[in-house]
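Take a look at the structure below.
The values are calculated or read from the model by the stated rules, or taken from the named source; none is laboratory data. All figures in this text were calculated on a predicted structure; none of them were measured in a lab. Cβ placement follows ideal geometry from the backbone for every residue including glycine, while neighbour counts extend to all protein chains displayed.
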């Protein structure tokens, strides 16, 4: 198993960030790694979505855990490789919120595939923070 974790702190509340998470059509506003995205139902466990990275084929993913204002986890399976990305919101005593993206990849080539999947997560989190703080 290959794992990676990226974090950032923001003055935005968990509810402000959650509003951006739940508005899947707007993910491309803060994630440059998304050219287009469509969700196939409500933002809840079991719902699938199709995301197309720039210049690549579309990938299908599913929401496998959703706890509003706290976290959600999506799962993408490509051939025999499983990618789980958990997006967690942790309110801090300081009044800020820590956003944590944790990735777990299992299957053939996980160690090679992982850095490609997570290479832009620092930029994605910085863009998410900026947009959430402007809300």
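Quick look at the values:
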{"item": "Residue identified as surrounded by 13 or more Cβ atoms within 10 Å (Cβ to Cβ), modelled with pLDDT of 95 or more, in contact with a helix residue (DSSP H, G or I) (Cβ under 8 Å, 6 or more places away or on another chain) and in a loop (DSSP other than H, G, I, E, B) among 43, 72, 49", "result": "43"}
{"item": "Filter result for the condition that a residue is in contact with a helix residue (DSSP H, G or I) (Cβ under 8 Å, 6 or more places away or on another chain) and buried (at least 17 other Cβ atoms within 10 Å of the Cβ), over 66, 124", "result": "124"}
{"item": "Matching residues, segment 55-69, being out of contact with any strand residue (DSSP E or B) (no Cβ under 9 Å at 6 or more places or on another chain) and modelled with pLDDT of 95 or more", "result": "67, 68"}
{"item": "Test: residue in segment 106-119 that is closer than 23 Å to residue 19 by Cβ, under 12 Å from the mean Cα position of the chain (by Cα) and surrounded by 13 or more Cβ atoms within 10 Å (Cβ to Cβ)", "result": "no"}
{"item": "Unmet criterion (only one of (1) in contact (Cβ under 8 Å) with a residue 12 or more places away in the chain; (2) under 18 Å from residue 69 (Cα atoms)) for residue 124", "result": "(2)"}
{"item": "Filter pass, residue 91 being at pLDDT 95 or above, loosely packed, with under 15 Cβ neighbours inside 10 Å and farther than 20 Å from residue 123 by Cβ", "result": "yes"}
{"item": "Selected residue (criterion: nearest to residue 98 (Cα to Cα)) from residues of segment 26-40 that are in a helix (DSSP H, G or I) and touching a strand residue (DSSP E or B) at 6+ places or on another chain (Cβ under 7 Å)", "result": "27"}
{"item": "Within segment 91-114, considering residues that are touching a residue at least 24 places away in the same chain (Cβ under 8 Å) and assigned to a helix (DSSP H, G or I), the one farthest from residue 72 (Cα to Cα)", "result": "111"}
{"item": "Residue within segment 8-19 that is under 22 Å from residue 98 (Cβ atoms) and within 12 Å of the chain's Cα centre (by Cα) present", "result": "yes"}
